[in-house]
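Accompanying notes for the structure given below.
The values are calculated or read from the model by the stated rules, or taken from the named source; none is laboratory data. On a predicted model such as this, the values are computed, not experimentally measured, just so you know. No Cβ is skipped: glycine too gets one built from the backbone with ideal geometry, and neighbour counts run over all protein chains shown.
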């Protein structure tokens, strides 16, 4: 039976008010389920607190080598579909300077501050579990090295106690998945 036919049959069997109530309940259930799913995912993405040695650190520097062009990496980081494909979670990214983004199903949000195509991405970036209004700066530099690219990541201005979790998060949720995606 086609969807149109089943909806038509349904409308004859129930009143319009009952249908609207049913749709509202269905969307409410989806929203509640999504909210709970997001909490579960957020808990799994939160990493352990920083070690004593790293507790006061508020910046980090990482370098990743990829067998891909700077353009390919730039596009993967700023395209919603590609980002979702490599991260395995929903992403909404406005790929213009000043554009907002929401990644990892809404657990990371921010804005693109500066975009130099195939060279640099600078973002005001924050996990949603941080206090409201607290943002850090993430800078991705793409350096061509023949047919490969070195991605230099500098993350600065994050709250004390976040270093170890962020460092492992960059490796586990960006560095390694992006490497597998670009193959």
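Just so you know, in the stretch 25-49 the residues that are over 30 Å from residue 149 (Cα atoms) and modelled with pLDDT of 50 or more include one that is surrounded by the most Cβ atoms within 10 Å (Cβ to Cβ), and it is 49. Would a scan of the stretch 98-108 turn up a residue that is outside any loop (DSSP other than H, G, I, E, B) and touching a residue at least 24 places away in the same chain (Cβ under 8 Å)? No: the stretch 98-108 contains no residue that is outside any loop (DSSP other than H, G, I, E, B) and touching a residue at least 24 places away in the same chain (Cβ under 8 Å). Kindly evaluate residue 165 against the criterion of being at negative phi, over 15 Å from the mean Cα position of the chain (by Cα) and buried (at least 17 other Cβ atoms within 10 Å of the Cβ). Yes: the conditions hold for residue 165.
Can we say residue 83 is crowded, with 16+ Cβ neighbours inside 10 Å and either touching a helix residue (DSSP H, G or I) at 6+ places or on another chain (Cβ under 8 Å) or touching a residue at least 60 places away in the same chain (Cβ under 8 Å) (or both)? For residue 83, the condition - crowded, with 16+ Cβ neighbours inside 10 Å and either touching a helix residue (DSSP H, G or I) at 6+ places or on another chain (Cβ under 8 Å) or touching a residue at least 60 places away in the same chain (Cβ under 8 Å) (or both) - is met.
Just give me the residues in the stretch 51-71 being modelled with pLDDT of 95 or more, part of a helix (DSSP H, G or I) and surrounded by 17 or more Cβ atoms within 10 Å (Cβ to Cβ), in sequence order. Once the filter is applied, which keeps residues that are modelled with pLDDT of 95 or more, part of a helix (DSSP H, G or I) and surrounded by 17 or more Cβ atoms within 10 Å (Cβ to Cβ), the stretch 51-71 yields only 70. Restricting the stretch 114-126 to residues that are closer than 19 Å to residue 62 by Cβ and touching a residue at least 24 places away in the same chain (Cβ under 8 Å), which is surrounded by the most Cβ atoms within 10 Å (Cβ to Cβ)? The residue in question is 121.
If you go through the stretch 149-183 and pick out every residue that is out of contact with any strand residue (DSSP E or B) (no Cβ under 6 Å at 6 or more places or on another chain) and not in a helix (DSSP H, G or I), you end up with 5.
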